[in-house]
1. How big is segment 1-102 by Rg and Dmax over its Cα atoms, in Å?
2. What is the gain in length, in nm to one decimal, between D97 and E112 on full extension, counting 0.36 nm per residue of separation less the C-alpha to C-alpha distance?
3. Given a Förster distance of 35 angstrom, what is the FRET efficiency for T18 paired with D104, based on the Cβ-Cβ distance and rounded to 0.05?
4. With a point put 7 Å past each Cα toward its Cβ, work out how far D11 is from Q30 in nm, to one decimal.
5. Pull out the extension gain between S82 and T129, defined as 0.36 nm times the separation in residues minus the alpha carbon to alpha carbon distance; nm, one decimal.
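Laboratory data are not the source of any read-out in this text; all were calculated from the coordinates shown. Keep in mind that this is a model prediction, so the values were computed, not measured. Quick reminder, even Gly has a Cβ in these numbers, built from the backbone with ideal geometry, and neighbours come from all protein chains shown.
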Amino acid sequence: MPVTDVTHHLDSRTLTITAEFAAPPSRIWQIYADPRQLERIWGPPSHPATFVDHDFTPGGRVTYFMTGPEGEKYAGYWIIDSLDEPHGFTFRDGFADEDFTPVDSLPVSVNEYSFAEKDGRTVATFLSTYETAEALQKVLDMGVVEGASGAINQIDDFLVAK
């Protein structure tokens, strides 16, 4: 499995997931830069994603929804803050309603995804920071560790199938 470590710290309001992939950083970057590839790995296997808008540029907005096993839809959005191809990117990730309007009552995370080359492989660090410890605890209670780990663990199979 790609995920090698998961840690969260309420004091610093952070969740960090580390993973290793059998591909160079440029290949991992392509997954996030291409919405059709991203659909194959964003969201846990039980909740596949559909990306509606994908303006993967600084200041750009990305919108998506995940579809649950009973057909229920969960929408979200990203606001891209910075890109450093192929080393990583930063963005804000929030929950949205069906029209992709942010849901203010749910947490927004500030994310830094970084991809480092190691012996022809990629070590990826997925760092999410929340405004408050309560916001982090809320997403932990919602299953963010299991959902994000399940999504990230799909990347190796996607790379082999591609």
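1. Expressed in Å, the Cα Rg and Dmax of segment 1-102 come to 14.4, 38.
2. Value of the extension gain: 3.0 nm.
3. 0.70
4. 4.3
5. Going from the current span to full extension adds 15.3 nm.
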